[in-house]
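As C-alpha cells, the structure follows; a few thoughts come after it.
The values are calculated or read from the model by the stated rules, or taken from the named source; none is laboratory data. Owing to the predicted nature of the structure, the values given are computational and were not obtained by experimental measurement. Reconstructed Cβ throughout: ideal geometry from the backbone, glycine too, with neighbour counts over all protein chains shown.
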Amino acid sequence: MSPASHTPKRAERFEFSAARNTAVFICARVRDGAPVLHVTHDADGDWQFLCGGDQHGEGQSDGGLLVCMEEIVADDLTLNELADLCEDWTAARNHVGDVWRRHDNGEDFIIDAVARCGWAVELIEAGDEASQPAFAYTVGLHKTFHAPELIVVGLTHQAMGGILNELGERIKAGQTLPVGEDVSGIIEGYPVRLRQVQDPESYREHVGYALWFNKGYDFRLLQVLWPDKRGRFPGDPDADPAIAALQPRLP
C-alpha cells in the first residue's frame, strides 16, 4: 500500500520574512487541532508554535514536532500579527482573537545575570554595512557597583566578552578604572584605554538594554579602546587606520 499523499495547505496571507516552507516546531496538541496560544522566536532564529500548556503533560510531545510554517499560518491567519516578532522574544494570548502579549527574553537574561554576577554582557552582531561593526556592552555595573557601564567595538564576541568581564571583575574587586590612561592585563601583551562617551544619541543607538535597566540616561558610559599591533590607539599618531575603522570612537 502506498503512503497517503499530503497536499500542503496554502495561506491566503503570509507576512513572515521567513520562507513559506520554513520548518517550525509545534507541540502535539497543536498537531491535533488545539489553537496556537504561545509563540517563540528563538535567539537562533527558530520558531515554535505551541498551545501554551504544559508541553510535558501525559501523552504530549516536548514541542519537537516539525511542520511547515505556512501550514500553521494557513490554519490561523492571525499568526501574521507576529511576523515582526524579534529573535529571542515570545508572545502569548489567552484565546484566538485575543491581543498578543509580547515579552523580550533578553530582559530575563539580564535580570538573572545581574542578580548572580553583578552585571550582564550584551553581544551585538555586526550590521550589513562596514560602518556597523559588532560590539558588546555591560548592563548592571552602574546599579551594582555605582560604576560606569562599558562598551567595546570591533572585535569578536568572545574577545569583547572577555575584555568586559575582566574589567567587570576589577570593578567588583574595588578598583576604579582610570579614564584616558592605559590599563594593562586586559588583553595579553597590550593595554586598553577608556574614554568617556558623552552623546545621549550613542546611548540610545548602542546600549538600549542599559537604558532600560538603568531607567534612563543617568549613568556614565566608557568606551574601551584597543590598540593596533604596535600599541597605538585610534587617534594616536601613526595608528593603523584599519583599527580606527573597526572601532569608531563614540561621541
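Just a few scattered comments:
Quick grid of which residues meet (1) modelled with pLDDT of 95 or more; (2) not aromatic (Phe, Trp, Tyr):
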| position | (1), (2) |
| --- | --- |
| 130 | no, yes |
| 138 | yes, yes |
| 145 | yes, no |
| 153 | yes, yes |
| 161 | yes, yes |
| 168 | yes, yes |
| 173 | yes, yes |
| 182 | no, yes |
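- Hey, residue 176 surrounded by 16 or more Cβ atoms within 10 Å (Cβ to Cβ) and of a type in the set (S, T, N, Q) or not: no
- Note on the stretch 229-246: among residues that are surrounded by 16 or more Cβ atoms within 10 Å (Cβ to Cβ) and under 28 Å from the mean Cα position of the chain (by Cα), the one that is nearest to residue 179 (Cα to Cα) is 234.
- When residue 87 is tested against the conditions (1) within 18 Å of the chain's Cα centre (by Cα); (2) under 30 Å from residue 146 (Cβ atoms), the lone failure is (2).
- Candidates are the residues of the stretch 221-248 that are in a loop (DSSP other than H, G, I, E, B) and touching a strand residue (DSSP E or B) at 6+ places or on another chain (Cβ under 7 Å); the one that is farthest from residue 88 (Cα to Cα) is 231.
- 3 or more residues out of contact with any helix residue (DSSP H, G or I) (no Cβ under 9 Å at 6 or more places or on another chain) and farther than 30 Å from residue 244 by Cα: qualifying helices (runs of 4 or more DSSP H) within the stretch 61-150: 69-75, 105-117
- Scan of the stretch 137-152 for residues that are over 11 Å from residue 222 (Cβ atoms) and either crowded, with 24+ Cβ neighbours inside 10 Å or among the hydroxyl-bearing types (Ser, Thr, Tyr) (or both), ordered by number: 139, 140, 144
- Annotation for the stretch 198-217: no member residue is outside any loop (DSSP other than H, G, I, E, B), under 27 Å from residue 116 (Cα atoms) and among the β-branched types (Val, Ile, Thr).
- Hey, residue 169 closer than 24 Å to residue 242 by Cβ, acidic (Asp, Glu) and exposed (fewer than 15 other Cβ atoms within 10 Å of the Cβ) or not: no
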